[in-house]
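The values are calculated or read from the model by the stated rules, or taken from the named source; none is laboratory data. Source: prediction; values computed, not measured. With ideal geometry, Cβ positions are generated from the backbone for all residues, glycine too; neighbour counts draw on all protein chains shown. These accessible areas exclude ligands, DNA and RNA; they are computed on the full protein's heavy atoms, side chains included. Shrake-Rupley method; radii C 1.70, N 1.55, O 1.52, S 1.80 Å.
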2 protein chains.
Amino acid sequence: MPSTPRATATGHEKEIDMSAPCCEPMLMVILGGTGDLSHRMILPALYRLAQQGRLDSKSQIVAAGRRALPDEEFRKHAMQAIRREVADISADAASSFARNLHYRQLQEPYAEYMTGFGSQIAELEQQCGLPGNRIFYLALPQDAFAPAAQAIGEAGLANSRGWTRIVVEKPFGHDLRSAQALNALLHRYFNEPQIFRIDHYLGKETVQNLLVLRLANPIFETLWNRDRIESVQITVSETLGVESRAAFYESAGALRDMVQNHLTQLLCLIAMEAPGSFGAEAIRDEKVKVLRSVTPISSASALFGQYQRGYIDGEPVVGYREDAGVAPDSNTETFVALRLGIENWRWQGVPFYLRVGKRMARRLSQIVIQFRRPPVMIFEAFEGCDVHSNALTITLQPDEGFNLCFEVKEPGQDIAVRSQRLHFQYAEAFGPLPTAYETLLLDIMKGDQTLFVRADWLEQSWRLYAPLLESPPQLKHYPSGSWGPEAAKDILYPDHGHWLPS
Amino acid sequence: MPSTPRATATGHEKEIDMSAPCCEPMLMVILGGTGDLSHRMILPALYRLAQQGRLDSKSQIVAAGRRALPDEEFRKHAMQAIRREVADISADAASSFARNLHYRQLQEPYAEYMTGFGSQIAELEQQCGLPGNRIFYLALPQDAFAPAAQAIGEAGLANSRGWTRIVVEKPFGHDLRSAQALNALLHRYFNEPQIFRIDHYLGKETVQNLLVLRLANPIFETLWNRDRIESVQITVSETLGVESRAAFYESAGALRDMVQNHLTQLLCLIAMEAPGSFGAEAIRDEKVKVLRSVTPISSASALFGQYQRGYIDGEPVVGYREDAGVAPDSNTETFVALRLGIENWRWQGVPFYLRVGKRMARRLSQIVIQFRRPPVMIFEAFEGCDVHSNALTITLQPDEGFNLCFEVKEPGQDIAVRSQRLHFQYAEAFGPLPTAYETLLLDIMKGDQTLFVRADWLEQSWRLYAPLLESPPQLKHYPSGSWGPEAAKDILYPDHGHWLPS
C-alpha cells in the first residue's frame, strides 16, 4: 500500500510521494538469499540504495537458506558479491550495511519450518525496533514459489503489525492454467496490492521513459496513431546461447522466456492509451486493455527458430541441440518472430512486429516506430532525393537512448535530401543509470506497483499466446550469429521493408 | 528561362535539372563591378563556382565601372579580393578564372553609353564563341537601379541571341509606390522570369532546408498547424550598429532594411501551405498567399526601438544618434518587434512574433516554433515535474542547424521530467556550407527563380507594412548590448512566455 498517500492533480487516485528521500524502516526476507539472483542483483541493489540514503538505517535484511551459516560468514560472502558489482563502495556505508545483514536457516519443507522462521524475524524486529513492515522476496526456483507462498500464508505471516509484501520473480507460470493456479494460491493469502511480480525490463530507464516520452511531449503523442505510424518493430536479441539454463529452457523456449513477459510489456507501453493519471492502477488498467484488443495470433503470423552452429564475434559456437543438457532432437524455439494486430481506434491496421532470439548477430533491445511516408513526395523529381520515412528508434540495450531519423536538405546547390539522426543517449546526458533492480526494490519498499505485473495482465498475456503454445509453428533453423531464419522476413507485410536491423 | 526543361513528378510545371554539373556558357556583366558587393560577395562566389566546375570555362565576367582601368589591373584587384574571402585557392583554377575576367568602362549617364557598351560585350562574346546568354547584375546604389535597367532596355540589350537575365539587389523600393514604379519600369523591358531580385537570406542552407524539413518529414508537417503550435518567434539580431551605412539607414530604418524583406520571407516559408510541386512558381504562389492572409498590423502590435550607448562584448559603444552621419534628433528605428496574425485555416489564432535589431546582445538569426503544452499533465503531481512545452529552434546564424527541445524522464527512482535538446548542426553533419551567393548565382545561371523575390510578393509585402511606415509606433530606446526595449515584451500575448532569447 502506498506509504504516504496524496491526491494527484487529476484527483482520481491516491498517489505516493515518490520524492521521499528514504523509505520506511522494514525487514526484508530473501528466500534463496545465498543464491545467484540474491548475490548478483538483489544485494548489490540494496547496497546501492543504502549508500544513497534510500534505505532506512534501521531496516534489516534477512537471507534465508537451507544450510546452517553464521551471520558473519554470510556477511563476508554478501559483501564480496556486492564488491564485484559496485565500483564506488564507501567503507562507512559498507560496514553499516553489513551490520544490518543477517542469515537464518530455513529448511524444507517450508510448511514445517516457516512458523519458527516467523518467530525469528519477529524477534529481530523487536531487537531493532522495527514497526513490522515486511517484504518476502522469493528468489527461488519456480517450483518453490507455490510451497513458499503457501507456507508464509499458513504461518500467518501474510499480515503483520505493519505492511507485508511478497515479491515473485519470473517465470510466473508455464501457461495460462499454471499462472491462474499460482495467482489463486497467492490470492488465498495476499491481496493483489501486496503482490509484486517482477519483470526487470520494466525497471529500465528507457522503458520508464516511454510513457514520459509519449505523454509529456505533444510532438510525439500527436504522431502516435494509425494515421501517422506505419508499423512498430520490437527486437530483443542476445548473442548468448542457452548457457547453463538448458534444464529450464528446454521446457520453456523463447516464447515463454521472453515474449510473453518482456516483449509483451514493451508492446503494451507503446500501444496503451494515455492513462487518466500516473498511478499504478491507471497505467496497469490501460496495459490490460491493450492485450484485450490484440487479435488472435494465427500460425501464419508467427515463426519459431532454433540456432545451429555458427560464429559469435568470430568464434565458432555449437548449435542448440549440441548444447549441454539439450535433447539432440529438441524442437524448443530459441527464436520467435510475430506479427500482432491491435483492433482499436488508435492502432487498427498497424502491425506490431516482435522478434526475439538467442545467438543472434548482436545484443540489442530496441523499438522502432516507423512513421508513414509523406503523402506527396515533391522532391522525388530531383536526383538523389529518395526520401525515407521518419523513424523513432528507442534503444533499451546496450545503450539506453533513442534516435530520431529525419530528412534534411543536403547542403549544396542541388536539391538532394539526406537522412540524418538526432541522437539522445541517457548516459551521455545524465551519467550512469540506476540498475533496474534498484528501481524495482525501491518501488517495492514504497509500495508502488506501477512497474510490476498485475494478475489480470499476466493471465491475459498467457491467454494471448495459448494458441501458439498449443500448436507451435514449424521450427526453422538459423546459423548462430545471424539475425534469425531467412523466413522471418515473411512475417513482415511486403511493403514494410525489412527487420531492423537485419 | 529554365535551361533544360523537364516535367516534375506532378507534371504541372516545367522543371529544370538541378543536378547538371555545369551551367551553359554565358557572359555576366557586373554593373558596379569594382564596388564592395562585387569584391566581397559576387567575385568570390563566382570563383568558388568555377573551382567546383560549375561555371563553364568559356563563360566571361565583365566588370563595368565609371573609371578607365586596364583588364590586367582589374584582374589583379579582383584576385586579391577573392584571396581575402576564399581559403583553398588552387593556382590553376585561379589563373584560368582570371583569364575570363574583364573590365569595361561604362560612364554615366548610362542612357548615353549603354549602346556602345553593348557592342563591346557582343564583340567579346564573338571572340569567345559565346551563344549570347547574358546576365546583367546591378551591383549599384539603389538610385541607379532604374536608370541602369532603363538604359539596358533602351539599348536593346534586354534580349539577345541566347537568354538575358537581370539581377537586382535590395533595397527594392522604399515603399509600396516606389516598388511598384521600379517593377513597372523593369517590366517595360523584361519579363518577370528574366528578373532575379536577390534576398540573400533565401540562399542560406537552413532557409532552403525549411521546406525540406517540413515536406519530407511527416513528423514535422503533422504538427505544423494551429492545433499543435502555440506561437512562432523569428529573431534577427546584430551586434553591429549602423557602421558606414548611416546615409542609407537614416532614410530606411530596420523595418525597410530587414523586416519587409528577410523576416517576411522567413515568415512565409514557415507559414506557407505545401506547394503542389517544388517548382519556383508553385512555391512563390504559396508565399504570396501567406501575405494575403496576414491581418492588418495595428500600432498596438508593433514597437520601434533605437539603440543608445551601451556595451558590446564589454566594449563601450555610442548611441545611434551619436553615430557619424546620423541626425542628433533622429527617430529612425534600429529595432522592430511585431505581432502578426495569419487568418487562414492553418494559422488562425497563432501569433507570429518578429523581432529585429542592431546593437543587440548577440548576433543571431533564429526561428522558434513553440508547440502547445500537453492538454493533461499527469506528471505534475510529482515534485520536479514542471513539464515544458516542446520547441523546435531553427538557427540561421551563427551556426546553421536546429534544436528539438523535448522532455525525458530524469534517470533515478523518482519521477522527474527534464528538458533535453536533440541537436543538429549542418557544419557538423556535412562540413562547410556553400555561401548564399554561390547558391544564388548558380540559380541565376540556371534560370531557377525559386529563391528570388517575385514582383507580386514584393508589392504585397510593402502593402502589409504601409500603415506602419505611414504612422510609425512610438520610438522606445534601449541600451546597446541588450535585447531591445523593455516594452517589447508587451508585444507577446501574456501567456506566451518571453522573447527567445532575452
Exercise for the section: Go through segment B:415-447 and give me each residue that's open to solvent by less than 40 Å² (accessible area, probe 1.4 Å) and charged (D, E, K, R). Expected result: B:438, B:443, B:446
Exercise for the section: For residues that are assigned to a helix (DSSP H, G or I) and modelled with pLDDT under 95, tally how many sit in segment A:471-489. Expected result: 0
Practice task
Tell me, please, whether a residue that is among the polar types (S, T, N, Q) and out of contact with any Ser or Thr (no Cβ under 7 Å at 6 or more places or on another chain) can be found in segment B:366-376.
Solution key: no
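Quick grid of which residues meet (1) of a type in the set (Gly, Ala, Ser); (2) more than 10 Å from chain B (Cβ to nearest Cβ); (3) in a strand (DSSP E or B):
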residue: A:394; (1), (2), (3): no, yes, yes
residue: A:406; (1), (2), (3): no, no, yes
residue: A:429; (1), (2), (3): yes, no, no
residue: A:434; (1), (2), (3): no, no, no
residue: A:437; (1), (2), (3): no, yes, no
residue: A:444; (1), (2), (3): no, yes, no
residue: A:450; (1), (2), (3): no, no, no
residue: A:457; (1), (2), (3): no, yes, no
residue: A:464; (1), (2), (3): no, yes, no
Practice task
Residue by residue through segment A:430-439, note down the ones that are out of contact with any Asp or Glu (no Cβ under 9 Å at 6 or more places or on another chain) and touching a residue at least 12 places away in the same chain (Cβ under 8 Å).
Solution key: A:437, A:438
Problem - Test for residue B:396: is it surrounded by 22 or more Cβ atoms within 10 Å (Cβ to Cβ), assigned by TED's automatic domain parsing to the domain that holds residue B:214, of a type in the set (A, V, I, L, M, F, W, C) and closer than 30 Å to residue B:304 by Cβ - result: no
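A quick yes/no check of all residues on (1) in contact (Cβ under 8 Å) with a residue 40 or more places away in the chain; (2) in a helix (DSSP H, G or I); (3) out of contact with any helix residue (DSSP H, G or I) (no Cβ under 7 Å at 6 or more places or on another chain):
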| site | (1), (2), (3) |
| --- | --- |
| B:39 | yes, yes, no |
| B:45 | yes, yes, no |
| B:53 | no, no, yes |
| B:63 | yes, no, no |
| B:79 | no, yes, no |
| B:92 | no, yes, yes |
| B:113 | no, yes, yes |
| B:119 | no, yes, yes |
Handout entry: segment B:408-427: number of residues that are in contact (Cβ under 8 Å) with a residue 24 or more places away in the chain and more than 7 Å from every other protein chain (Cβ to nearest Cβ)
Key = 4
Practice task
Specify which of the listed residues (B:341, B:357, B:349, B:325) is of a type in the set (Gly, Ala, Ser), in the same structural domain as residue B:269 (by TED's automatic domain parsing) and surrounded by 20 or more Cβ atoms within 10 Å (Cβ to Cβ).
Solution key: B:357
Practice task
Could you please let me know if residue B:273 is under 25 Å from residue A:412 (Cβ atoms) and open to solvent by 20 Å² or more (accessible area, probe 1.4 Å)?
Solution key: no
Practice task
For residue B:331, indicate whether it is surrounded by fewer than 20 Cβ atoms within 10 Å (Cβ to Cβ), within 13 Å of chain A (Cβ to nearest Cβ) and not aliphatic (A, V, I, L, M).
Solution key: no
Practice task
Please give the number of the condition residue B:482 fails out of (1) open to solvent by 10 Å² or more (accessible area, probe 1.4 Å); (2) of a type in the set (S, T, N, Q); (3) under 23 Å from the mean Cα position of the chain (by Cα); (4) in the same structural domain as residue B:223 (by TED's automatic domain parsing).
Solution key: (3)
Handout entry: Residues of segment B:365-379 satisfying the condition of being under 29 Å from residue B:417 (Cβ atoms), away from chain A (no Cβ under 14 Å) and either of a type outside the set (A, V, I, L, M) or open to solvent by 10 Å² or more (accessible area, probe 1.4 Å) (or both)
Key = B:366
Handout entry: Selection from segment A:91-140 of residues that are hydroxyl-bearing (Ser, Thr, Tyr), over 25 Å from residue A:44 (Cβ atoms) and under 30 Å from the mean Cα position of the chain (by Cα)
Key = A:110
Completion exercise
Pairing a residue in segment B:310-333 that is charged (D, E, K, R) with any residue that is exposed (fewer than 11 other Cβ atoms within 10 Å of the Cβ), where Cβ atoms lie under 6 Å and the two sit 6 or more apart in sequence or on different chains, gives B:321/B:328
Handout entry: Residue count, segment B:214-253 (criterion: assigned to a helix (DSSP H, G or I) and either touching a residue at least 24 places away in the same chain (Cβ under 8 Å) or open to solvent by 30 Å² or more (accessible area, probe 1.4 Å) (or both))
Key = 14
Practice task
Considering each residue of segment A:89-136, count those that are on the phi > 0 side of the Ramachandran plot and open to solvent by less than 30 Å² (accessible area, probe 1.4 Å), and give that number.
Solution key: 1
Handout entry: Filtered residues of segment A:276-322 (kept if surrounded by fewer than 19 Cβ atoms within 10 Å (Cβ to Cβ) and among the charged types (D, E, K, R))
Key = A:281, A:285, A:286, A:289, A:292, A:309, A:313, A:315, A:321, A:322
Practice task
Please indicate, with yes or no, whether at least one residue in segment B:300-315 is part of a loop (DSSP other than H, G, I, E, B), in the same structural domain as residue B:247 (by TED's automatic domain parsing) and among the aliphatic types (A, V, I, L, M).
Solution key: no
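Rundown of residues vs (1) at pLDDT 95 or above; (2) farther than 30 Å from residue A:226 by Cα; (3) out of contact with any Ser or Thr (no Cβ under 8 Å at 6 or more places or on another chain), yes/no style:
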| residue | (1), (2), (3) |
| --- | --- |
| B:218 | no, no, no |
| B:223 | yes, no, no |
| B:228 | yes, no, no |
| B:236 | yes, yes, no |
| B:243 | no, yes, yes |
| B:249 | yes, yes, no |
| B:256 | yes, yes, yes |
Completion exercise
residue B:390 passes all but one of the listed conditions (1) open to solvent by 20 Å² or more (accessible area, probe 1.4 Å); (2) free of Cβ contacts under 8 Å to residues at least 60 places away in the same chain; the exception is number (1)
Exercise for the section: Identify, from the list A:187, A:200, the residue that is farther than 22 Å from residue A:42 by Cβ, surrounded by fewer than 22 Cβ atoms within 10 Å (Cβ to Cβ) and either more than 14 Å from chain B (Cβ to nearest Cβ) or among the β-branched types (Val, Ile, Thr) (or both). Expected result: A:187
Problem - Scan of segment B:127-143 for residues that are assigned to a helix (DSSP H, G or I) and closer than 28 Å to residue B:448 by Cβ, ordered by number - result: B:128, B:142
